[in-house]
Amino acid sequence: MKSALLKQHLSITSCANCGATQTSGHFCSQCGQKLGTAQLTLKELLHELWHSLTHADKGIFKLVKELFLQPKLVYTSYFKGQRKKYFSPVLFFILTAGILTILYPYVFDYEDQITHRHNEWGREIYHFTKYRALLLLPFQALLTWLFFYKRYNLAEITVFWLYTLGLTYAIRILLLPLYIPLISYKGILDDSFTILSSFIILWQMTMLFGRVSNLGWLLLIVNLSYILDFVFQLYIIFGFHFFNNTIGINSWYDLIKIRYSL
């Protein structure tokens, strides 16, 4: 009798996600979804997007800030199991790479409008090589794992690269407005951003792997990644016979000399 009376005073709700019965609260005690969800609306979808980017506990802006201020804590905490605390590394990589891929072609448009150079060659190279990061990522992770497999497994090192590359893309997105006053020096800016990205990668690696004795190996990994990135560009444009090209790269020596502007 008392149980029946008690149920009358309790608001019993079933979670739309997992079906668990809830008698109190605004969120499901089993899966964490908000209770009382109705038909999906555009307003709700936009709210979810904004919430995921700015949420104080695990938003993308908070992640970028923490990767700057305490990168080692981000990596080690994620490795130890604190997954819900941080923005997803896979989503972070895809989102930042996607935004940069969408926005960067407008730099070519602006360059055409201001300088009238009509850099079609540069535009074509970018068009064919813009997805090379996805091809390069497994090689970067595997190369790093070969040096540090005793400390971290391949999955953990892959997470490191997802976060680190995502950080370099986020910084490049933030720096895109510099092309507006400096569009006449686009080539110099491109090279500067590439060098900056390499320094960011080296810095993040130093924060995670530490030890001064490892600095030589870290420099080697960063430089090999830098050269591999260029090799992938040449392969995508010219195929396996990328030494038979029209841009003056006929050997590994030429490749390294041009890559480092020697």
Task: Solvent exposure, largest accessible area first (probe 1.4 Å, DNA, RNA and ligands not counted), of 208, 137, 228, 69 - done: 69, 228, 137, 208
Task: Rg and Dmax [Cα atoms of the range 218-262; Å; Rg one decimal, Dmax integer] - done: 10.6, 34
Task: Low-density loop positions, trypsin sites (Lys or Arg not before Pro), the range 191-262 - DSSP coil, at most 15 other Cβ in 10 Å - done: 211
Open item on the list: Suppose we look only past 16 Å in the calculated P(r) of the range 96-177. What percent of the Cα-Cα pairs does that tail hold?
Closed with: 61
- [ ] Among the listed pairs 65/85; 186/257; 80/150; 62/85, give every one whose C-alpha distance is greater than 18 Å.
- [x] 186/257
Open item on the list: I want the local charge near residue 108. Using Cβ-Cβ distances under 14 Å, sum +1 for each Lys or Arg and -1 for each Asp or Glu among the other residues.
Closed with: -2
Task: List 156, 124, ordered by accessible area with a 1.4 Å probe, largest first - done: 124, 156
TODO: Note down the net charge around residue 223, summing +1 for each Lys or Arg and -1 for each Asp or Glu among other residues with Cβ under 13 Å from its Cβ.
DONE: 0
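The values are calculated or read from the model by the stated rules, or taken from the named source; none is laboratory data. The structure presented is a predicted model; accordingly, all values stated were derived computationally and were not measured. Note: ideal-geometry Cβ built from the backbone for every residue, glycine included; neighbour counts use all protein chains shown. The protein model used for the area step is the full one, side chains on, heavy atoms only, and it has no ligands, DNA or RNA in it. Shrake-Rupley method; radii C 1.70, N 1.55, O 1.52, S 1.80 Å.
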